[in-house]
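Okay, so here's the structure we're looking at.
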Amino acid sequence: MRYFELFNIPVDYNVDLAKINQQYLELQRVVHPDRFAGKGEREKLLAVQKTAEINDALAVLKHPVKRAEYMLSERGVDIRAEQQTLQDPIFLMQQMEMREALEELPQSDDVEAAIEQFEQQIKALDVEFSQQLAQQLSSDSEQDLQLAADNIRKLKFVYKLRDELARIEDNLFD
């Protein structure tokens, strides 16, 4: 099953989340297991399986990193279960500096301002890598697909930083 086809949206990194949610509700309305309560076991099982597939597709299409990984895998470059590390020393240094800054946030003189500044850095990186990904994933060049794989790896770092920042905020403000 092809997720973009299932949701009747163009194959593009930049998706319309409102349309995805609308299509999801329509698909669930058609195949929801409750509609098959009076049917045979086979029909019930198929409805449950189809619902699970739709839920999986929704989770992938709504999450930028998962969506990009899926798009790459559809083009023959599957990095979803890889253990390869990023080989960009400048980016890795930047990440180390950001992790250090993240660890120092709780000791800042103005914690809220420091958190806001860190959030802005994360958002800027997210936008930068996402814009590059959109271009790379629309290309037919093998080199662009490899660059897209690296940008996905970078976005994973950014999302981890975002998660860690959220945990720090929870600990500080609870």
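Rundown of residues vs (1) β-branched (V, I, T); (2) modelled with pLDDT of 95 or more; (3) within 15 Å of the chain's Cα centre (by Cα); (4) not in a helix (DSSP H, G or I), yes/no style:
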position	(1), (2), (3), (4)
G76	no, no, no, yes
M93	no, no, no, no
E103	no, no, no, no
Q120	no, yes, no, no
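Do you know which residues across region 1-52 are more than 30 Å from A149 (Cα to Cα), of a type in the set (S, T, N, Q) and exposed (fewer than 14 other Cβ atoms within 10 Å of the Cβ)?
Q49
Does region 81-89 contain at least one residue that is modelled with pLDDT under 95, touching an Asp or Glu at 6+ places or on another chain (Cβ under 6 Å) and closer than 30 Å to K123 by Cβ?
no
Taking the residues in region 114-158 that are over 17 Å from Y13 (Cβ atoms), of a type in the set (A, V, I, L, M) and touching a residue at least 24 places away in the same chain (Cβ under 8 Å) as candidates, determine which candidate is surrounded by the most Cβ atoms within 10 Å (Cβ to Cβ).
I115
Any idea how many residues of region 27-65 are assigned to a helix (DSSP H, G or I) and either within 23 Å of the chain's Cα centre (by Cα) or in contact (Cβ under 8 Å) with a residue 60 or more places away in the chain (or both)?
Residues in region 27-65 being assigned to a helix (DSSP H, G or I) and either within 23 Å of the chain's Cα centre (by Cα) or in contact (Cβ under 8 Å) with a residue 60 or more places away in the chain (or both): 17 in total.
If we scan region 126-136, do we find a residue that is touching a Pro at 6+ places or on another chain (Cβ under 7 Å), at pLDDT 95 or above and not acidic (D, E)?
Yes, region 126-136 contains a residue that is touching a Pro at 6+ places or on another chain (Cβ under 7 Å), at pLDDT 95 or above and not acidic (D, E).
The values are calculated or read from the model by the stated rules, or taken from the named source; none is laboratory data. Note that this is a predicted model, so its numbers are computed, not measured. Here Cβ is always computed from backbone atoms with ideal geometry, including for glycine, and neighbour counts include all displayed protein chains.
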